[in-house]
Amino acid sequence: MSTLLHIQVSPMGDNSISLSVAEEFIKGWKEANPDGNIIERNLATNPVPVLDGEAIFADYTPVANRPESMAAKRALRQNLIDEITGVDEIVVSTPLWNWGIPSPLKAYIDQIIIPGVLDGSGANGLAGKKVTAIIAQGGSYKTGSPREGWDYGSGYLELVFTALGSTDVTVVVSEFGLAGVAPGMEDFVDAKQSSIAAAKTAARDRAAA
Ligand SMILES: Cc1cc2nc3c(=O)[nH]c(=O)nc-3n(C[C@H](O)[C@H](O)[C@H](O)COP(=O)(O)O)c2cc1C
């Protein structure tokens, strides 16, 4: 039986574009894995703490010398690592916020990366896992657009999951989410609809691949 970890970040609930694309992925995944198990990690409703000094210092402190609060912070990190390394497949759905990933997702990434345990220097904990990152953008950063290259979210997520050992990372982007919402973007409503539709198709295809 295959297990999928869905890490979701948007706080927008039924209005979330990234979540609506992820739902298409999950539909496709369930078809491909009728007996599969899905673990939901919702960082909007259940954020992980920002990494603090005590949590970091735990890995420089012998287990027997760790005070209770330090041991608890280290245990939380281990639980998150065990969760992501224990699944077969990972899908992340997130908005692009201020040209990067939202801070709850960054806090999660900081929690799960520990040198020698799960890291970008050879621990390879995500080797063999298929990773799909779904990102909803409010505008567009494609080649030729006025803000070409300002998306520091997609490439970052691709880098993180590749560094952690996955050799099968795909990023699905939907654009123009703010059209029809933010003033001045009325001309992009059609582009928004077609971009979301294309992202949903890409997500379904990816789940079936
Ligand atoms: C705090 C905040 C910051 C945002 N920053 C950006 C940005 O830098 N670039 C962009 O294209 N869209 C930006 N947006 C728009 C969102 O990416 C867009 O609305 C997207 O649909 C959000 O995903 P969601 O619908 O899954 O929540 C921002 C939205 C919010 C609320």
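Every number in this text was worked out from the coordinates using simple rules, so none of it is lab data. These figures come from a predicted structure and were not determined experimentally. Positions of Cβ are backbone-derived with ideal geometry, glycine not excepted, and every protein chain shown enters the neighbour counts.
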- Message: Compute the angle between helix 189-208 and the longest alpha-carbon principal axis of the chain, please, reported from 0 to 90 degrees and rounded to the nearest 10.
- Response: 50 degrees
- Message: Between 0 and 90 degrees, rounded to the nearest ten: what's the tilt of helix 17-32 against the longest Cα principal axis of the chain?
- Response: 70 degrees
- Message: Less than 14 Å apart at the alpha-carbon level, and either on another chain or at least 8 residues along: which aspartates and glutamates does that give for residue 142?
- Response: 151, 175
- Query: Looking only at trypsin sites (Lys or Arg not before Pro) in DSSP loops with at most 14 other Cβ atoms within 10 Å, what is the longest site-free stretch of the chain?
  - Reply: 1-141
- Note on the structure: Computed on Cα atoms, Rg of region 3-208 relative to 2.2 N^0.38 Å comes out at 1.09
- Message: Between helix 154-163 and the chain, what is the angle of the helix's C-alpha long axis to the longest principal axis, kept within 0 to 90° and rounded to the nearest 10?
- Response: 30 degrees
- Message: Let me make sure I get this right: for region 1-89, a, b and c are the square roots of the gyration tensor eigenvalues over alpha carbons, sorted descending. Under 1.5 in a/c it's rounded, otherwise prolate if a/b > b/c, else oblate. Which is it?
- Response: oblate
- Among the aspartates and glutamates, which fall within straight-line cross-link reach of residue 106, defined as a Cα-Cα distance under 14 Å, with same-chain neighbours fewer than 8 residues apart omitted? 52, 158
- Message: Give the lysines reachable from residue 129 as a straight Cα distance under 18 Å; neighbours fewer than 8 places away on the same chain don't count.
- Response: 30
- Item | Between region 137-165 and region 76-120, the Cα center-to-center distance that results, in Å | 17 Å
